[in-house]
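Taking it in order: structure first as structure tokens, then the write-up.
The numbers here are math on the coordinates, done by the rules we state, and not lab data. All figures in this text were calculated on a predicted structure; none of them were measured in a lab. In this analysis, Cβ positions are derived from the backbone assuming ideal geometry, glycine residues included, and neighbour counts consider all displayed protein chains.
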Amino acid sequence: MDELAEVGIAGFRINSVAARAKVAKRTLYSRWPEREDLILAGLATLSVRLDPPCTGSLEKDIRLLYDAMAEHLASPRWLIGAHCSFEFPDHPELYATFQRDCIDQPLAVIEDVLRDAQVRGELRSDIDRSVAAETFAASIGGFSTHIARLRGMNTHAVRDRFLDLFLHGLRAVADAGSG
């Protein structure tokens, strides 16, 4: 991760990683046969692994997901992933694997929470759950971590305002005025 932080994907060198780890290059190759395998192993440590909360309430589920994601994304290490994301267009195969392993899983959990809420009648029936899940995740990544830090706030300080705004757009009409 230190190598990725300093030089990104394009400048990532097995020799440099071996020197940092004080091991022979062949030691690294015995575990990660390709340079991309080692890069993905490092990026995988940034993955947000979510479990569906299943509280029976959209607001409670979303609040728990927010807390889990914000805690993880508030780590300075996550900025390494953000930095590398600018290089992904030059490495489509690497990005495809990163997306499958690190992005699709948390999005699927968020979509499942939204589907369950839709079944319970808490979510408008016309909501595209995929778009809502991506909006939720991207907003936490952008506003709740980066912008909150610039304003001198932590991710939990903006949680209630963010969730109120997000949930207001999702709620079924009968629930629009509630809490």
*Could you work out how far helix 58-73 tilts from the main Cα principal axis of the chain, as a 0 to 90 degree angle to the nearest 10?*
20 degrees
_Just to check I understand the Karplus step: with θ = phi - 60° and J = 6.51 cos²θ - 1.76 cosθ + 1.60, what whole-Hz values come out for region 4-11, glycine and proline as x?_
4, 4, 7, 10, x, 5, 4, x
*Could you list V48, V119 in order of exposure, starting from the residue whose Cβ has the fewest other Cβ atoms within 10 Å?*
V119, V48
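If you rank H168, H72, H156 by fewest surrounding Cβ atoms within 10 Å, what's the result? Please report the intermediate quantities before stating the final value.
Numbers: H168 11, H72 20, H156 14.
Ranking H168, H72, H156 by Cβ neighbours within 10 Å, fewest first, gives H168, H156, H72.
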*Among G81, G142, G42, whose mean-square fluctuation peaks in a Gaussian network model of the chain (Cα, cutoff 10 Å)?*
G142
*With θ set to phi - 60° and the Karplus curve 6.51 cos²θ - 1.76 cosθ + 1.60, what are the ³J(HN,Hα) couplings of region 46-52 in order, to the nearest whole Hz, using x for Gly and Pro?*
8, 4, 8, 8, 9, 10, x
*Select from R120, R31, R77 the residue whose mean-square fluctuation is largest in a Gaussian network model of the chain (Cα-Cα springs shorter than 10 Å).*
R31
*Which of Y95, Y29, Y66 moves the most in a Gaussian network model of the chain with Cα springs under 10 Å?*
Y29
*asked:* To test your reading of the geometry: what angle, between 0 and 90 degrees and rounded to tens, separates the Cα axis of helix 155-170 from the longest principal axis of the chain?
replied: 50 degrees
